[in-house]
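The values are calculated or read from the model by the stated rules, or taken from the named source; none is laboratory data. Everything numeric in this text was worked out from a predicted model, so none of it was measured. Cβ sites come from the backbone with ideal geometry, for glycine too, and all protein chains shown count toward neighbours.
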Amino acid sequence: MKKIYLLSLNLLIVLTSSLAQQYKNGVGIHVGGLDFYGLQAGKYGLHIQKNKQTGNSERVIHWEPALQISYWHAFSKHIDLKLAATVANVHYPVTDKDSTMILAKEGKTNLRFATPYYCLDAKAIYSILARERYRISPYLTLGASANFRQNENGFSVPAGLGFNIRVSQGLYLNLESNFQAAITNNNQNHLSHFIGFNYWWKGYKAIPVQVNTSMTMPVPEPPKIPDTDNDGVNDNEDKCPYHPGTKGKAGCPDKDNDGVYDFEDKCPTQAGPAMYGGCPDSDKDGIIDMEDKCPNEAGTKENQGCPEIKQEVIEKVNIAAKGVNFETGKAVLTDASFKQLDIIIETLKADPALNVDIEGHTDNKGKAEKNLLLSQQRADVCKDYFIKAGIDASRITSVGYGDMKPLADNATEEGRAQNRRTEFLLKR
């Protein structure tokens, strides 16, 4: 009877331990963009572009927004298969350099022919570092892609680079970029960039177990407590089991010793209080140094951390502006004007946080269109002089208003003289 009992116990151990959990399958959802403009125009990422309505320079990105869902299957620790479906609304380039598409992206034409775009991908994934072993796992991709848009279908070969970053067991932040090489005549080369999350679930794989038929009861080994981030602090004592740290800080990293752990610290190498996300605020104005244009002078949020402009500085510039004059009917500065412009330049150099709006104005003599053009040319002449003197162009705007903003009555010569002016408006 005792022998039968031992055999039954061994059989139960075999049934419960011969199956090992493995993360074999996963699904993902991603958002991103398709970049046709970059390869067409030779410009990538963010671009500086003037807004037609405001006249201000803005940072824009010319990607087509896209949504992607994916299925993953692991063949080994380093090899995965990825199947993905992508949908977007795309202004698809017709030629290798589609000028209409480029002009539309740059806001120089209102013509735009956006159509629904669908893409199916099958890719082989090679993980350089095993995904289940390392928190950050870079990988390479290579595959085949079919796309569909209106009456046009085509094929391309995607190749690229991606990263799986473990958030928790089975859940990964996924980033991937590919170069899509067109292999059909009606297709165009482009780039694709996606970010999203992948979730992997566990399957089961049989592991051979040797049955113990002896009369001696097996003594189970004590369970090994894991150390997921390999920092020498076991997970049961590690407050940050997915972020390598030190024993003195309960397994959490904190390079700048400010009490804010690095993975939550916006400034991991600069000590700062938790209320500012671990970032310093040198001038104690409530705006952290990395976002403060004047980190050593207390200021306001409206001025991006800089103090209000002193009234004596404004007065100094206004007095100098009255001495800036041009030859009659021309955008040519008089000799005496350069000294006054130099005073304004010295003011801008003394405070790098200052910007200036240059406004050109005329009286109402002559045609309004001619006055508007002349005022713009005069404002631009001043701007060019500032730039040549070392003031960065991003700190200066120049606008001509012609006779649209009079200070005095244009019916008198005295009033017209006041209206012929160039104004230099300081701002933060």
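Exactly one residue among LEU129, LEU140 is modelled with pLDDT of 95 or more and either of a type in the set (Phe, Trp, Tyr) or closer than 30 Å to HIS243 by Cα (or both), and that residue is LEU140.
When the strands (runs of 3 or more DSSP E) confined to the range 31-115 are screened for residues that are of a type in the set (S, T, N, Q) and modelled with pLDDT of 85 or more, those reaching at least 2 such residues are found at 64-74, 79-91. Among residues of the range 285-300 that are surrounded by fewer than 15 Cβ atoms within 10 Å (Cβ to Cβ), those with a beta-carbon under 9 Å from a residue that is acidic (Asp, Glu) at least six positions away or on a different chain give the pairs ASN296/ASP283; ASN296/ASP289; THR300/ASP285; THR300/GLU308.
Residues in the range 147-202 that are more than 23 Å from the chain's Cα centre (by Cα), among the charged types (D, E, K, R) and either at pLDDT 90 or above or closer than 17 Å to VAL87 by Cβ (or both): ARG149, GLU152. The strands (runs of 3 or more DSSP E) falling completely within the range 341-428 that include 1 or more residues that are closer than 23 Å to VAL313 by Cα and in contact with a Gly (Cβ under 6 Å, 6 or more places away or on another chain) map to 355-361, 421-427.
Of the residues making up the range 87-108, none is surrounded by 14 or more Cβ atoms within 10 Å (Cβ to Cβ) and more than 30 Å from ASN151 (Cβ to Cβ).
A single entry from VAL27, VAL14 fulfils the requirement of being modelled with pLDDT under 85 and over 17 Å from the mean Cα position of the chain (by Cα): VAL14. Restricting attention to the range 130-150, the residues being assigned to a strand (DSSP E or B) and more than 17 Å from PRO116 (Cα to Cα) number 9.
Taking first residues from the range 383-412 that are under 17 Å from LEU333 (Cα atoms) and partners that are of a type in the set (D, E, K, R) and not in a strand (DSSP E or B), the Cβ contacts under 6 Å between residues at least 6 apart in sequence or on separate chains come to SER398/ASP380; SER398/LYS383.
Looking only at the range 83-112, which residues are more than 26 Å from the chain's Cα centre (by Cα) and closer than 22 Å to TYR23 by Cα? The one that is more than 26 Å from the chain's Cα centre (by Cα) and closer than 22 Å to TYR23 by Cα: LEU83. Evaluated against (1) closer than 24 Å to ASN56 by Cα; (2) surrounded by 16 or more Cβ atoms within 10 Å (Cβ to Cβ); (3) out of contact with any helix residue (DSSP H, G or I) (no Cβ under 6 Å at 6 or more places or on another chain), GLY390 falls short on exactly one condition, (2). In the range 302-312 there is at least one residue matching the filter, namely being under 27 Å from the mean Cα position of the chain (by Cα) and among the acidic types (Asp, Glu).
Checking the structure you have, find out if any residue of the range 325-335 is modelled with pLDDT under 85 and surrounded by fewer than 11 Cβ atoms within 10 Å (Cβ to Cβ). The answer is no; no qualifying residue exists.
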